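Q: I have a structure here, written as structure tokens, and I will follow up with some questions on it.
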Amino acid sequence: MTFSGWPEEALDFYDGLTADNTRTYWTAHRAVYDEKVLGPMAELVEELAAEFGEAKIFRPYRDVRFSKDKSPYKTHIGATVGSGYVQLSAHGLAAGDGMYGMAPDQLDRYRQAVASDRTGRELEELIAVIEKTGIGVSGRDTLKSAPRGYPADHPRIGLLRHKGLVAWQEWPAGAWLGTPAARDRVVTFLRTTRPMSDWLAAHVGPSTAPERAR
């Protein structure tokens, strides 16, 4: 089927789940989740995958093993498409792209590329272009000081202190969410941020370290 947006029942479902995050509520409204929330997301990422890469929808269950919050269900649905991310909640739609966190070998390659005048300036320019469209670009797990081996007065010290780099945009819920315009907003976001994700793919790439060493 063709993606045509999320109906109002999808937002109502998450309003209710936020107020009553229990198995009782989930069981009583599971059919609404499957049809009104999960169904449209599956249609959306299937359409996006052809251009942006393999898609994966995350499970609705929270991992509560190491969390003080024992609420069993996520109050949003999220999916990855290539390096991008799409999320729906009662608040509306959001999209992200980049590298949320980097393994040590990735972080080393990232810092080397940022420190280089050629590739570092290229990243700065890409970010500036993205931000001019209203999309935010921010670091993740940012150090308070310069990473070891890099001068505190480096011209790109702000980027060097990041351990992750993510572009992010949110759209408050509105009537548009129930139309194909929801797909169009995500497509525009992913196309706009793709130069940054391509830079990360080229200069950082996936971790090549053995699993035990991470």
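Q: Tell me the per residue accessible area of the chain using a 1.4 Å probe; a whole number in Å² is fine.
A: About 55 Å² of surface per residue is accessible.
Q: Which of the GluC sites (Glu not before Pro) found in the range 24-72 are loop residues per DSSP with 15 or fewer other Cβ atoms within 10 Å of their Cβ?
A: Listed in order of number, the matching sites are E54.
Q: Among the trypsin sites (Lys or Arg not before Pro) within the range 97-158, which fall in a DSSP loop and have no more than 11 other Cβ atoms within 10 Å of their own Cβ?
A: The qualifying sites are K132, K144, R148.
Q: Within the range 72-102, name every residue whose backbone N is under 15 Å away from a label modeled 7 Å from Cα of T24 along the Cβ vector.
A: In the range 72-102, the label zone of T24 (backbone N under 15 Å from the point 7 Å along Cα→Cβ) covers 72.
Q: Taking the Cα-to-Cβ direction at T188 and at R121 and moving 7 Å from each Cα, how far apart do the two end points lie in nm?
A: Here the modelled spin labels are 3.2 nm apart.
Q: Another question, then. Does the range 1-120 classify as rounded, prolate or oblate by the C-alpha gyration tensor (a ≥ b ≥ c root eigenvalues; a/c under 1.5 gives rounded; else a/b over b/c gives prolate, otherwise oblate)?
A: It comes out oblate by the Cα gyration axes.
Q: Project the alpha carbons of the chain onto their principal axes and report the range along each, largest first, in whole Å.
A: If we take the Cα atoms of the chain, the spans are 57, 38, 28 Å.
Q: Give a residue-ordered list of calculated ³J(HN,Hα) values for the range 42-55 (Karplus: 6.51 cos²θ - 1.76 cosθ + 1.60, θ = phi - 60°; whole Hz; x for Gly, Pro).
A: 4, 5, 5, 5, 5, 6, 6, 4, 4, 9, 10, x, 4, 10
Q: Here is a further query. Where the accessible area of the range 60-154 is counted over protein heavy atoms with a 1.4 Å probe, how much of it, in %, is carbon and sulfur?
A: Taking all protein chains in place, the range 60-154 shows 50 percent carbon and sulfur surface.
Q: Here is a further query. Between exposed chymotrypsin sites (Phe, Trp or Tyr not before Pro) in the chain, where DSSP calls loop and at most 16 other Cβ atoms lie within 10 Å, what's the longest gap?
A: Of all site-free stretches, the longest is 101-214.
Q: If you average the sequence gap of Cα pairs under 8 Å that are 6 or more apart and divide by the length of the chain, what percent do you get for the contact order?
A: Here the relative contact order equals 24 percent.
Q: Taking square-rooted eigenvalues a ≥ b ≥ c of the alpha carbon gyration tensor, is the range 65-141 rounded, prolate or oblate, where a/c under 1.5 means rounded and, failing that, a/b exceeding b/c means prolate?
A: oblate
Q: Could I ask something else about it? Once you list every other residue whose beta carbon is under 14 Å from the beta carbon of E9, what net charge do they have if Lys and Arg are +1 and Asp and Glu are -1?
A: -3
Q: Moving on to the next point. Using DSSP to call loops (not H, G, I, E or B), can you name the trypsin sites (Lys or Arg not before Pro) in the range 1-103 whose Cβ has at most 10 other Cβ atoms within 10 angstrom?
A: When the trypsin sites (Lys or Arg not before Pro) of the range 1-103 are filtered for loop state and at most 10 Cβ neighbours within 10 Å, R65, K68, K70 remain.
The values are calculated or read from the model by the stated rules, or taken from the named source; none is laboratory data. This is a predicted model, so every value here is computed, not measured. For neighbour counting, all protein chains shown are included, and Cβ atoms are generated from backbone atoms with ideal geometry for every residue, glycine included. Areas reflect the complete protein model, heavy atoms only, side chains present, ligands, DNA and RNA absent. Shrake-Rupley method; radii C 1.70, N 1.55, O 1.52, S 1.80 Å.
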